[in-house]
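What follows is a single structure, written as structure tokens, with notes after it.
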Amino acid sequence: MTWNIHGAVSPAGRHDLDRVIALIRRHEPDVVAIQEVEGRNRPGALPFTALREALGGHSLDAPTLRAADGCYGHTLISRWPLQDGTLHDLSVPGREPRTAIAARLDTPAGPLRLLAAHLGLGFGERRAQAAKLAALARASADPLLAMGDFNDWEPHGPVDRAFLGTLPSRTRLRSFPVARPLFALDRIYARPRAALLRSWTDKTAREASDHRPVIADVALGAEVAVRLAVD
């Protein structure tokens, strides 16, 4: 599953991290990538910690903006331990800092590589970041999923072109804006091609964020499936 939670703020301006957690739990993802986790100027428990404890217990955080009272960024959360977790700088000078999360899951069907990212808004920026992600994907021959908010407004934009031949299938659900989605900004890319079994979204996300989540069932072997959510 992947989901941009917009700091847990709904289009109506209401902040409610518990509502975000409840929606994710409803889909019971084994792995979830969450973007725009906002911990600055937020009372109570730190959002990165609250999300990890509520959703899986194993996480790798990528804070990209820091303040005295907290940080902002994205996270990858799993029911299973994340192995070989690393952060890769995708930042482009003069633009908002960006970081990719890379990790490995050891599943009953074998290793599964994971990439999670929140790419930039500029076309050239996004093209450079996608090229770096594609290079990370090519570094291993294992089954791999790349999840996140790719901010790619085009159906065959720079992200698709960068992943061509490396990640042969992806979800194509429109996820933004939340009320009447027009753009498939939030995606799950997969290798091998047959790994993606089905995908769907959740329109009730309009009460929690400005994006809809993208959820997918992924087959890693003949009898093993993993449910993914990208927030």
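One table, with the values for the structure above:
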quantity: Every residue from region 123-172 that is among the basic types (Lys, Arg), crowded, with 24+ Cβ neighbours inside 10 Å and in contact with a strand residue (DSSP E or B) (Cβ under 7 Å, 6 or more places away or on another chain); calculated: none
quantity: Matching residues, region 139-171, being under 19 Å from VAL31 (Cα atoms) and not small (Gly, Ala, Ser); calculated: ASP142, PRO143, LEU144, LEU145, MET147, ASP149, PHE150, LEU167, ARG170, THR171
quantity: Strands (runs of 3 or more DSSP E) wholly inside region 1-116 containing at least 1 residues that are touching a Phe, Trp or Tyr at 6+ places or on another chain (Cβ under 9 Å) and at positive phi; calculated: 31-38, 70-78
quantity: Selected residue (only one of ALA103, ALA128 is closer than 29 Å to ALA194 by Cα and under 14 Å from the mean Cα position of the chain (by Cα)); calculated: ALA103
quantity: Meets criteria (in a strand (DSSP E or B) and buried (at least 17 other Cβ atoms within 10 Å of the Cβ)) for GLY120; calculated: no
quantity: Residue count, region 182-196 (criterion: farther than 17 Å from GLY122 by Cα and either crowded, with 19+ Cβ neighbours inside 10 Å or among the charged types (D, E, K, R) (or both)); calculated: 8
quantity: Selection from region 161-184 of residues that are at pLDDT 95 or above and among the aliphatic types (A, V, I, L, M); calculated: ALA162, LEU167, LEU173, VAL178, ALA179, LEU182, ALA184
quantity: Residue satisfying condition, being hydrophobic (A, V, I, L, M, F, W, C) and assigned to a loop (DSSP other than H, G, I, E, B), within set ALA141, ALA205, ALA137, ALA190; calculated: ALA141
quantity: Residues satisfying the stated conditions in region 110-138, i.e. aliphatic (A, V, I, L, M) and within 26 Å of ASP30 (Cβ to Cβ); calculated: LEU112, LEU114, LEU115, ALA116, ALA117, LEU119, ALA130, LEU133, ALA134, LEU136, ALA137
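The values are calculated or read from the model by the stated rules, or taken from the named source; none is laboratory data. Owing to the predicted nature of the structure, the values given are computational and were not obtained by experimental measurement. Because the Cβ atoms are built from the backbone with ideal geometry, glycine has one as well, and the counts that use them run over all protein chains shown.
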